[in-house]
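**Student:** So that we are looking at the same thing, I have put the structure below in structure tokens.
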Amino acid sequence: MPSLFASYLRVYEPLAAFDRDRQSYWRRYVEQGRAVAPKEGPGRQRTAVIEALGAGWTRLPDLPDEAYVLETPETILVCPWNLRIRVAEAALSAREGVPAVLADAFVPPVLAGQAKAVVEDWRSGARVLEHGVPRLHEQIATWGVPLRWFVLVDPEERELVTEPERRVLRYRTAISKARSRSSRALNVLRKSVGDAPITEAVEEAARWLEEFHPQSVVELDYGGLVDLLSTETLRADDSPELVAAGLAGLARGEAEGASEAYDSLVARWRAVQLLERCN
């Protein structure tokens with residue numbers, strides 16, 4: 001399965017975040033060795049969705065209840081895939097802003113109706129865990145990494161592997177640290193640039209983090225992007241440092257320095273995004 005040129009922001013929650021039935025399910029899932037590695041996960045998800053939808057796209061299928069897993073000496077943490085709700089949201093999103101005849105061709109009304117019911121059920125709380133709110137544990141971005149994600153991590157949390165058979169660049173941090181960093185960034189942005197798009201984007205990320213258990217772990221994974229970038233580029237990547245430098249410049253009132261850091265970051269990731277258009 002070829003790589004998906006996407007990056008991922010994931011939250012792994014401890015079993016205590018789930019109700020009793022879900023705790024038992026995920027514990028058995030781990031004991032049976034069913035957990036999927038993040039490297040293989042995107043391909044597995046894509047295959048499962050395509051096979052389950054079939055050629056007719058006439059129903060919203062049941063999909064595997066799977067997750068990524070982190071095991072520590074203290075606990076087990078899981079990042080559920082939530083494939084059914086994600087497919088439902090994607091189906092509805094695909095119809096937005098498209099003429100009805102095209103929308104019906106790509107996402108038939110029957111499937112759209114089922115998707116709407118699933119999403120409304122999810123958001124109403126009918127399928128939500130007993131203490132929580134509706135939450136999806138993984139965000140996905142194609143052909144790049146959203147700049148707001150770098151706010152959540154620190155350069156010292158980076159894990160880089162450049163072996164030919166295993167290439168990985170990711171950051172993992174306690175959710176408490178990610179929340180603190182997003183809060184500090186929001187304070188700086190609100191004071192310096194006000195209600196700008198970047199402020200709204202960081203605020204959205206901060207709100208998302210509030211949905212999860214306080215003992216969770218946040219992971220920023222470059223995913224399939226590592227197959228687009230050379231080893232030298234991966235080793236030299238200092239995107240979190242540039243974000244931190246830009247925020248520090250804004251906090252000191254040094255707009256020029258902050259702008260330079262931001263421009264460097266945007267130019268770097270725009271070059272990656274442009275690869276999508278290469279033949």
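The values are calculated or read from the model by the stated rules, or taken from the named source; none is laboratory data. Bear in mind that the values here come from a model prediction, so they are computed numbers and not experimental data. Note that we place each Cβ from the backbone using ideal geometry, even for glycine, and neighbour counts take in every protein chain shown. Side chains included, ligands, DNA and RNA excluded: accessible areas come from the protein's heavy atoms. Shrake-Rupley method; radii C 1.70, N 1.55, O 1.52, S 1.80 Å.
**Student:** Residues in region 255-269: is at least one more than 22 Å from K191 (Cα to Cα) and aromatic (F, W, Y)?
**Tutor:** Yes: one or more hits.
**Student:** Which condition from (1) among the small types (G, A, S); (2) exposed (fewer than 13 other Cβ atoms within 10 Å of the Cβ); (3) in contact with a Gly (Cβ under 8 Å, 6 or more places away or on another chain) is the one that A258 breaks?
**Tutor:** Checking A258 against (1) among the small types (G, A, S); (2) exposed (fewer than 13 other Cβ atoms within 10 Å of the Cβ); (3) in contact with a Gly (Cβ under 8 Å, 6 or more places away or on another chain), the one that fails is (2).
**Student:** Of all residues being exposed (fewer than 14 other Cβ atoms within 10 Å of the Cβ) and closer than 21 Å to P42 by Cβ in region 128-164, which is modelled with the lowest pLDDT? Just the residue, please.
**Tutor:** Looking at the filtered set, the residue picked out is P164.
**Student:** Go through G33, G41 for me and flag whichever is open to solvent by 40 Å² or more (accessible area, probe 1.4 Å) and modelled with pLDDT of 85 or more.
**Tutor:** G33
**Student:** For region 70-98, which positions are among the β-branched types (V, I, T) and over 12 Å from H137 (Cα atoms)?
**Tutor:** T72, T75, I76, V87, V98
**Student:** Could you tell me which residue of region 1-48 is nearest to D65 (Cα to Cα), considering only residues that are part of a helix (DSSP H, G or I) and within 18 Å of the chain's Cα centre (by Cα)?
**Tutor:** Q45
**Student:** Taking L111, is it open to solvent by less than 40 Å² (accessible area, probe 1.4 Å) and part of a loop (DSSP other than H, G, I, E, B)?
**Tutor:** No, not satisfied.
**Student:** Quick check on my filter: what residues within region 60-82 are of a type outside the set (S, T, N, Q), open to solvent by 10 Å² or more (accessible area, probe 1.4 Å) and in contact with a Pro (Cβ under 8 Å, 6 or more places away or on another chain)?
**Tutor:** Correct list: D65, E66, I76.
**Student:** Checking R172 against (1) touching a strand residue (DSSP E or B) at 6+ places or on another chain (Cβ under 8 Å); (2) buried (at least 19 other Cβ atoms within 10 Å of the Cβ); (3) among the basic types (K, R): exactly one of these is not met. Which one?
**Tutor:** (2)
**Student:** Identify, by number, the condition in (1) farther than 24 Å from E256 by Cβ; (2) in contact (Cβ under 8 Å) with a residue 12 or more places away in the chain that R207 doesn't meet.
**Tutor:** Just one mismatch for R207, condition (2).
**Student:** Evaluate the following for E276: is it more than 17 Å from R148 (Cβ to Cβ) and in a helix (DSSP H, G or I)?
**Tutor:** Yes, satisfied.
**Student:** Here is a further query. Surrounded by 15 or more Cβ atoms within 10 Å (Cβ to Cβ) and closer than 26 Å to Q273 by Cα, is that true of A6?
**Tutor:** Answer is yes for this residue.
**Student:** For V110, state whether it is of a type outside the set (D, E, K, R) and out of contact with any helix residue (DSSP H, G or I) (no Cβ under 7 Å at 6 or more places or on another chain).
**Tutor:** Yes: the conditions hold for V110.
**Student:** Here's something else I'd like to know. Given S192, S183, which one is among the polar types (S, T, N, Q), open to solvent by less than 80 Å² (accessible area, probe 1.4 Å), touching a helix residue (DSSP H, G or I) at 6+ places or on another chain (Cβ under 8 Å) and in contact (Cβ under 8 Å) with a residue 40 or more places away in the chain?
**Tutor:** Sole residue among the options that is among the polar types (S, T, N, Q), open to solvent by less than 80 Å² (accessible area, probe 1.4 Å), touching a helix residue (DSSP H, G or I) at 6+ places or on another chain (Cβ under 8 Å) and in contact (Cβ under 8 Å) with a residue 40 or more places away in the chain: S192.
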